[in-house]
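Since the structure comes first, as structure tokens, the remarks are kept for the end.
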Amino acid sequence: MFRIRIVSLFAAFCAASPALLPHASAQVVAESGVVLPPYAAVADLIVGAPAIVDARIRSATRIKGPEAANVAAGRMRFYVEADVLALIRADAPMPARVGYVVDVPLDARGRAPKLNKRRVLLFARPVAGQASMIQLTTLDAQRDWSAELDTLIRRIAREVAAPDAPPAVTGLGNAFHVPGSLPGEGETQIFVQTATGAPISLSILRRPGEQKRWAVALGEIVDDAAAAPARDTLLWYRLACGLPRSLPATSLADEDPANVAAAREDYRFVLDQLGPCKR
């Protein structure tokens, strides 16, 4: 029975291999000294995981032979059974104990960490026909629990689940720049395409002698309340990680070279203000 379970779960694990991601290298340090992954890396895990589980590992059995033939260098494969402590996010009920396959990184001496009794945060999906099994969504979807990471995950999960959550960015629509009446004055507006079709637009305002200002609007109308998103929020993540790195020619209908150049410059300004999407 154990052998059947391992083979079944291993097959599900391998089926997801094209989506496996390398371990996020960019990290930040919380005030307590705990090293946290960057917001974007955690958000990636959350938006891609139907289930987020707080669990404690009960047992870990190393998987060898053909079922471990494709394990990356510097990792070791285990079949893990863990007790569910809490469901942070789930589309359906989950049993009190779950099994899954995980490839864990080895330490500097080439040894696997001790997994038994370790408290972990899991980003997973259910395995069809196997109610007690889950499948990790990425290579780094098992994370050691810490209060700081737990808090960050819950905050982002609430943002993602909110009724007014900003949708994923899929591309850019029309963009145009309108010069003002004074030299150096003007406004650029850029329409963002989204996965749900919900409108998002960027506006960049130039005024003589002032620094450029930009804002994002989640709706058809851009009002005075629109502002740039705060860093490490879901809207920031959607833009910083989803916007193309340059304004495509298909977005620019204006044939005036000066207006086109201004729109491209203003779009680059927005990207610079957002900063890199660190994963």
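Bear in mind that the values in this text are calculations on the coordinates, not laboratory data. Just so it is clear, the structure is predicted and the values come from calculations on it, not from any experiment. When we count neighbours, we look across all protein chains shown, and the Cβ atoms used for this are built from the backbone with ideal geometry, even at glycine.
Can you order the peptides 42-54, 180-192 by their average number of other Cβ atoms within 10 Å per residue, highest first?
42-54, 180-192
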Worksheet item: Sorted by average packing, counted as other Cβ atoms within 10 angstrom per residue and highest first, what order do 57-68, 132-143 take?
Response: 132-143, 57-68
Discussion item. Please list 3J(HN,Hα) in residue order for region 115-121, calculated via the Karplus relation 6.51 cos²θ - 1.76 cosθ + 1.60 where θ = phi - 60°; whole Hz, with x for glycine and proline.
Written reply: 9, 4, 6, 6, 8, 9, 10
Worksheet, complete the sentence: Listed by chain and number, the residues whose amide H is under 5 Å from that of residue 75, excluding neighbours fewer than 5 places away on the same chain and using placed H, are 106
Practice prompt. Please work out which option in [x] 45, 18, 18; [y] 25, 22, 19; [z] 33, 20, 17 gives semi-axes √(5λ) of the Cα gyration tensor in Å calculated from these coordinates, and answer with its label.
Written response: [x]
Response to the item:
Applied in sequence order to region 134-140, the curve 6.51 cos²θ - 1.76 cosθ + 1.60 (Karplus, θ = phi - 60°) yields integer Hz couplings, x standing for Gly and Pro, of 10, 10, 5, 7, 9, 5, 10
Worksheet item: What is the magnitude of the charge dipole of the chain about its Cα centre, with +1 placed on the Cβ of each Lys and Arg, -1 on the Cβ of each Asp and Glu, and no other charges, expressed in debye to the nearest 20?
Response: 1980
Practice prompt. Please identify the helices of the chain, taking whole runs of DSSP H, that span at least 18 Å along their own axis as judged from the Cα atoms and have a mean Kyte-Doolittle score of 1.6 or higher.
Written response: 2-15
Fill in: Under 5 Å, built H, 5+ apart or other chain: amide partners of residue 89
52
Practice prompt. State to the nearest 20 debye the size of the charge dipole of region 169-274 about its Cα centre, where the only charges are +1 on K and R beta carbons and -1 on D and E beta carbons.
Written response: 380
Worksheet item: What lysines could a cross-link reach from residue 212, if we take a straight Cα to Cα line under 30 Å and drop same-chain neighbours fewer than 8 places away?
Response: 278
Practice prompt. Rounded to the nearest Å, what's the spacing between the alpha carbon centres of region 81-150 and region 40-54? Just the number, please.
Written response: 12
Fill in: Amide H within-cut-off set for residue 59, under 5 Å, with H built and near neighbours excluded
81
